[in-house]
Amino acid sequence: MTLVTESRKPAHRAPGTDRPRRGPDHGAWFLVLPALIPILVLSVGPLLYGIMLAFTDAQSGRTEPTRWIGTLNFQDLMHDTLFWESFRIGLVWAVGVTVPQFLLALGLALLLNQKLRLRWLARALAIIPWAMPEVVVGIMWRLVYNPDAGILNETLRDFGLGDGRDWLSGLATALPAVIVVGVWAGMPQTTVALLAGLQNTPRELHEAAAVDGAGAWRRFRTVTWPALRPVALAITALNLIWNFNAFALVYVLTNGGPGGRTRLPMLFAYEEAFRYGQFGYAAAMGCVMVAVVSILLAVLLVGRLRGGDEA
């Protein structure tokens, strides 16, 4: 008996229907929750509560219930010359730290990207300030600036450049002295970011430019900088935001003095909240600073998107 088997051909499917459609993977949320919950609890929640507090007359030590007062805190803030002076100081501080921070970090990154002896040791030493807490950095630099036994004044005396001065208490020297500390403390993270960008630049491009007779400056302008520009823009914008929101370093160094010459907006809001107990008014200051940071982030995102479209 002969068995006849019928060959069956696979049915043809329309393009795009080879695989069955799958619904949303709800299990992925369980992987995201461990990172999402701390953000919601520690960042988003306090932010929303602070915004709500800005529209109330919340104060410390009062027995009456907190009342909703609308935009009264913001109206008072518009006429607060001390706050806007601190805002100006904060901008001067942020720009004064960010610009030299970037320039010095760029030079250091270019140096560390060269084939040097003990380059690994130089890279390790370059990030030491980044590993130190801001409070420790502030205490250390207070000792450096000490008017009687500080290493800075002792060096000036040894070179016959004067008897030294009280750098952190002088009206003309307090802010520049604090800016120097901010540059020193924040330069390592900028250096690391720029060094990573330099290492991603193809070395063949530099070799080809050198063969064509391009000098060091021309190679930097035509090869290095175009490849480094996205990283440079991102780290500069982030540094500007971080520096504008600085608190611990300046608090340890000068506590906003002398005469408010180093009172940054964060210090001003801190004093209003925890020294004078004006929680609602301080929350309004925080909302203004959040708005400024949001604008800076928007400018960063727009710049990145335009850069991506041009690329």
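The values are calculated or read from the model by the stated rules, or taken from the named source; none is laboratory data. Just so you know, these numbers come straight off a predicted model, no measurement behind them. Every residue, glycine among them, receives a Cβ derived from its backbone with ideal geometry; neighbour counts consider all protein chains shown. Surface areas here come from the heavy atoms of the whole protein model, side chains and all, with no ligands, DNA or RNA. Shrake-Rupley method; radii C 1.70, N 1.55, O 1.52, S 1.80 Å.
Quick look at the values:
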| item | result |
| --- | --- |
| Residues whose placed amide H lies under 5 Å from that of residue 113, excluding near-sequence neighbours | none |
| Dipole moment magnitude, nearest 20 debye, the chain about Cα centre, only Lys, Arg, Asp, Glu C-beta charged | 1280 |
| Shape call, the range 69-123: gyration tensor on alpha carbons, a/c limit 1.5 | prolate |
| Cα-based shape type of the chain, given that a ≥ b ≥ c are square roots of the gyration tensor eigenvalues and the cut on a/c is 1.5 | oblate |
| Neighbourhood charge, 9 Å Cβ-Cβ cut-off, centred on residue 263 and excluding it, Lys, Arg +1 and Asp, Glu -1 | -1 |
| Cβ charges +1 (Lys, Arg) and -1 (Asp, Glu), total dipole of the range 75-168, debye | 820 |
| Axial C-alpha extent at least 18 Å, average Kyte-Doolittle at least 1.0 - helices from the chain (DSSP) | 27-39, 81-112, 174-199, 225-244, 279-310 |
| Calculated over the range 121-238: convex hull of Cα atoms, volume per residue (Å³) | 174 |
| Accessible area (Å², per residue) of the chain, counting only protein heavy atoms and a probe of 1.4 Å | 65 |
| Label-point separation in nm, residue 69 to residue 294, each point 7 Å along Cα→Cβ | 2.2 |
| Sequence-distant residues sharing a close amide H with residue 56 (under 5 Å, placed H) | 69 |
| Cβ-defined net charge surrounding residue 167, 15 Å radius [Lys, Arg +1; Asp, Glu -1] | 0 |
| Cα shape, the range 210-297, gyration tensor, a/c 1.5 rule | prolate |
